[in-house]
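Any read-out appearing in this document is the output of simple, stated calculations on the displayed coordinates, not a laboratory observation. On a predicted model such as this, the values are computed, not experimentally measured, just so you know. Please note: Cβ atoms are built from the backbone with ideal geometry, for glycine as well, and neighbour counts cover all protein chains shown.
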């Protein structure tokens, strides 16, 4: 009888052990099944400034006996350069202009290029009636006064534009007036445009 009791207890103990073991490895109903990771995106837009001109050369023809020696016809000047500036600078930009003679000097003038001709056409601010003068006007072909060219970079536009811009354009009209004291010749000068971002 004692032997049977021991065997029964042993069997029950084994069953209890198995039951406990099964319960111990059963999955929990509230177990975590998700795992999350975050990725930080850093998109860098690089600073950019672009300046374009519609043409790299402008030909101006004047006759001292026509239109008072100027390149104005019907009160309008058509000789011009169109600049286009693109920039994503938050502070905006400024546009600068500079004139240099190409033969005799680097002054703000047009230099005669013919042999023996050392005459230059200078630049002065004032009315279009000033003789032997080369100047410019901004965005208006109906020129009554011109601005003097300088032989250093000089601000002419864009300084008040405190925002990025796409295709901001300016028309710079060239005005030339000569009399018979200017020898017939080809006069040359180099106009340089520079766009500068504002700090």
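Can you give the Rg to Rh ratio for the range 57-199, taking only C-alpha atoms and Rh from Kirkwood?
In the range 57-199, Rg relative to Rh is 1.02.
Tell me the label-point distance for the pair residue 46, residue 82, using the 7 Å Cα-to-Cβ offset, in nm and rounded to one decimal.
About 2.9 nm, to one decimal.
Just want to confirm a number: the relative contact order over the range 49-197, from Cα pairs under 8 angstrom separated by 6+ residues, in percent.
Relative CO of the range 49-197 lands at 37 percent.
So how much slack lies between residue 167 and residue 122, counting 0.36 nm per residue of separation and subtracting their Cα-Cα distance, in nm?
My answer for the length gained is 13.0 nm.
How would you rank 178-185, 151-158, 131-138, highest first, on the average number of other Cβ atoms within 10 Å across their residues?
131-138, 151-158, 178-185
Please compute the modelled spin-label separation between residue 192 and residue 31, points set 7 Å along Cα→Cβ, answer in nm with one decimal.
7.6 nm
Sorted by average packing, counted as other Cβ atoms within 10 angstrom per residue and highest first, what order do 51-58, 190-197, 113-120 take?
Order by mean packing, descending: 190-197, 113-120, 51-58.
Packing-wise, with mean Cβ within 10 Å as the measure, how do 88-100, 36-48 rank, highest first?
Result, highest mean first: 88-100, 36-48.
For the range 146-189 and the range 40-116, what is the centre-to-centre distance using only Cα atoms, to the nearest Å?
Using only Cα atoms to place each centre, the spacing works out to 6 Å.
On a full-extension model of 0.36 nm per residue, what is the gain between residue 179 and residue 102, subtracting their alpha-carbon distance, rounded to one decimal in nm?
Details: separation 77, 0.36 × 77 = 27.72 nm, distance 2.17 nm.
That pair, residue 179 and residue 102, stretches by 25.5 nm at full extension.
I want the antiparallel fraction of DSSP beta bridges within the range 49-197, as a percent rounded to 5.
Taking every DSSP beta bridge within the range 49-197, about 100 percent pair in antiparallel fashion.
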